[in-house]
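Participant: I'd like to ask some things about the structure below.
The values are calculated or read from the model by the stated rules, or taken from the named source; none is laboratory data. Since we're looking at a predicted model, the values are computed, not measured. Note that we place each Cβ from the backbone using ideal geometry, even for glycine, and neighbour counts take in every protein chain shown. Heavy atoms of the whole protein, side chains included, go into the accessibility calculation; ligands, DNA and RNA do not. Shrake-Rupley method; radii C 1.70, N 1.55, O 1.52, S 1.80 Å.
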Amino acid sequence: IFMAAPWAPRSRFGAVAQVDGRVLVFGGLVGPRNDVWESADAGSSWQQTLEIAPWPSRWGHAAVALPDGTVLLCGGMGGNGKELGDVWRSAARGSNWTKLTLEAPWCARVGHCLVAMQGGAESCFVFGGRGPSGISMRDAWLSATGGESWQLICGDASWPARSSFGAVCLASGRLLLAGGLGESGGLFNDVWSSEDRGVSWQHATASASWPARKALGLAALPDDAVLLTGGSGSGGTPLNDVWRSGNGGADWELVKGHAPWPPRADFGLLSPSAGTLLVLGGSGGSSVGSSMLNDVRR
């Protein structure tokens, strides 16, 4: 199913699917923006919840819907070109937001991942990203309080520092981290796994069968499988291949060489309900911010 959404074309935005199936899209490039949009029907129709949210405009932020129904937003790049280290929470489907902190104990960053822990109503993790002065991170932080407080659980992970990667938590509680952009500008196609809530990490594979990439989409499926799609590959080429792993990221099978939607990077990939996946927006060009999209594919 394809439709052009009423929200402006954008990339590097926040997108979450809540437990009741509602989908939120907020912030991103070009702008940057700080608007909030909601869909109650898996992307078929949209309404603007906030034209101007109380949090500063940004792109490259991380967002997650927690099992208790709240939404968290953290970090990103502000309109002044400086990385942000703030955390905001909404308990009202994005219609209002509470500032939890302007400076979390993890340093300001962009291109990081925020992942909800399965089975923990308010537990989530922050991984990696690029901080001030362009330094890439390889840390892992845990919040068991819905973003109010944070604990460093791994300050020097075994995976190389990176940004613009993918991370998910499987139903089994296993954490997976895949691909991304290295500090020297190289692209990764490795997959890392943690069985102890991010404290220690092991290679699932050092070189997956999918080409190295950044700005990809990674989603956990109901059967504990993982789907990887899109992103920006060698030379900045946008991708639209689809890969699946059924054994924790160790082995991958090509599902589609070219999906029926245009190649893209820095997009949203969500699962609002079991068996349903949404691809939203992103950048279809070879440079950041070019050929912005506002389509919804289901």
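Participant: Name the residue that is farthest from ALA265 (Cα to Cα), counting only residues in segment 129-165 that are charged (D, E, K, R) and open to solvent by 10 Å² or more (accessible area, probe 1.4 Å). Working first, answer last.
Facilitator: The first filter runs over segment 129-165 and keeps only residues charged (D, E, K, R), leaving 130, 138-139, 148, 156, 162.
Filter again for open to solvent by 10 Å² or more (accessible area, probe 1.4 Å), leaving 130, 138-139, 148, 156.
Working: ARG130: 18, ARG138: 22, ASP139: 24, GLU148: 31, ASP156: 28 Å.
Here the answer is GLU148.
Participant: Give segment 12-47 a look and list any residue that's of a type in the set (Gly, Ala, Ser) and assigned to a strand (DSSP E or B), or say none.
Facilitator: Filtering segment 12-47 for residues of a type in the set (Gly, Ala, Ser) gives 14-15, 17, 21, 27-28, 31, 39-40, 42-45.
Residues satisfying the conditions are GLY14, ALA15, ALA17, GLY27, GLY28, SER39.
Participant: If you check GLY249 against the conditions, is it open to solvent by less than 30 Å² (accessible area, probe 1.4 Å), in contact (Cβ under 8 Å) with a residue 60 or more places away in the chain and under 24 Å from TRP201 (Cβ atoms)? Don't jump to the end; show me each part of the working.
Facilitator: Details: open to solvent by less than 30 Å² (accessible area, probe 1.4 Å): yes; in contact (Cβ under 8 Å) with a residue 60 or more places away in the chain: yes; under 24 Å from TRP201 (Cβ atoms): yes.
Here the answer is yes, as GLY249 does meet what is asked.
Participant: Follow-up question, since we're still on this one. Name the one entry in VAL226, VAL255 that is β-branched (Val, Ile, Thr) and out of contact with any Gly (no Cβ under 7 Å at 6 or more places or on another chain).
Facilitator: On the way: VAL226 fails: out of contact with any Gly (no Cβ under 7 Å at 6 or more places or on another chain).
Residue meeting the stated conditions: VAL255.
Participant: Ok, one more. Go over the candidates VAL168, VAL126 one by one and state the one that is open to solvent by 10 Å² or more (accessible area, probe 1.4 Å) and assigned to a strand (DSSP E or B). Don't jump to the end; show me each part of the working.
Facilitator: Working: VAL126 fails: open to solvent by 10 Å² or more (accessible area, probe 1.4 Å).
The conditions single out VAL168.
Participant: A follow-up question, please. Give me a count of the residues in segment 132-155 that are part of a loop (DSSP other than H, G, I, E, B) and of a type in the set (S, T, N, Q). Write out each step before concluding.
Facilitator: Kept after step one, since they are part of a loop (DSSP other than H, G, I, E, B), are these residues of segment 132-155: 135, 137-139, 144-150, 155.
With the extra rule that they be of a type in the set (S, T, N, Q), the set shrinks to 145, 149.
Adding up the residues that qualify gives 2.
Participant: Looking only at segment 48-70, decide whether some residue is among the acidic types (Asp, Glu), closer than 21 Å to PRO6 by Cβ and not in a loop (DSSP other than H, G, I, E, B).
Facilitator: First, pick out the residues of segment 48-70 that are among the acidic types (Asp, Glu): 51, 68.
Adding the requirement that they be closer than 21 Å to PRO6 by Cβ leaves 51.
From what is left, the residues that are not in a loop (DSSP other than H, G, I, E, B) are none.
No; the residues of segment 48-70 include none that is among the acidic types (Asp, Glu), closer than 21 Å to PRO6 by Cβ and not in a loop (DSSP other than H, G, I, E, B).
Participant: I'd like the full set of residues that are free of Cβ contacts under 8 Å to residues at least 60 places away in the same chain, farther than 13 Å from ASP68 by Cβ and small (Gly, Ala, Ser), limited to segment 99-128.
Facilitator: ALA104, ALA108, GLY128
Participant: Here is a follow-up. If a residue must be among the charged types (D, E, K, R) and out of contact with any Leu (no Cβ under 8 Å at 6 or more places or on another chain), how many such residues does segment 85-108 contain? Can you show your working first?
Facilitator: In the first step, residues of segment 85-108 are kept if they are among the charged types (D, E, K, R); the result is 86, 89, 93, 99, 103.
Now narrow it down to the ones that are out of contact with any Leu (no Cβ under 8 Å at 6 or more places or on another chain): 99, 103.
Summing the residues that are among the charged types (D, E, K, R) and out of contact with any Leu (no Cβ under 8 Å at 6 or more places or on another chain) in segment 85-108 gives 2.
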